[in-house]
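In what follows, a single structure is set out as structure tokens and then discussed.
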Amino acid sequence: MREIRDRDWLTALFDRHHRQVLAYAVRRVGRDHAEDVLAEVFVVAWKRRSDVPEPPLPWLLRAARNHVLHHQRALARRARLHDAAADVAPRSTPSAEDASHALVDSVLSSLDEIDAEILRLAVWEELTPAEISEVLGIAPSTARTRLMRARRRAQSAYAPDPSAADAADPLPAERFGA
């Protein structure tokens, strides 16, 4: 009886949150690896079902973040191996969409990892500071403060000169949750 109830719980959990967890993973590791992250998250949820709180989404995203970080470390190791074995070929000219993504990537990469992750969680995952605090394992007040500072740093990274921030081409505020 308990096994059936647990299976129903997992099915309901998956049905409610798999799209959000998958979207989080796609934005971090790409579509090719996102479903692997999704599967791993729900395996962990099943194994640790007594630890999954209500609401479960921040907990699930924290598990996804851990799997994404593991995946990124593995990719970095492979890239170092590849770079050591061969010269890297020059890339082709980027499209306008690639240029936009490159701009966002450039701004995010200029920030420290926690600032970039907080912005991603706030903007792309649409989490509140309280939910961000659960994902990152920090206090809610710390999450609010870090989010505010991360937004300022992102704006500065985009337009380091304060007078440039008022120019005709401002940083797309919707990209950074301002």
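Nothing in this text is a laboratory measurement; each read-out follows from the coordinates by a stated rule. Note that this is a predicted model, so its numbers are computed, not measured. Reconstructed Cβ throughout: ideal geometry from the backbone, glycine too, with neighbour counts over all protein chains shown.
Values computed for the structure shown
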item	result
Percent of Cα pairs exceeding the 19 Å cut-off, where the set is the range 1-85	42
Nearest-20 debye value, the range 1-85 charge dipole, Cβ charges on Lys, Arg, Asp, Glu	280
Label point distance in nm, Ser50-Ile138, each placed 7 Å from Cα along Cα→Cβ	3.2
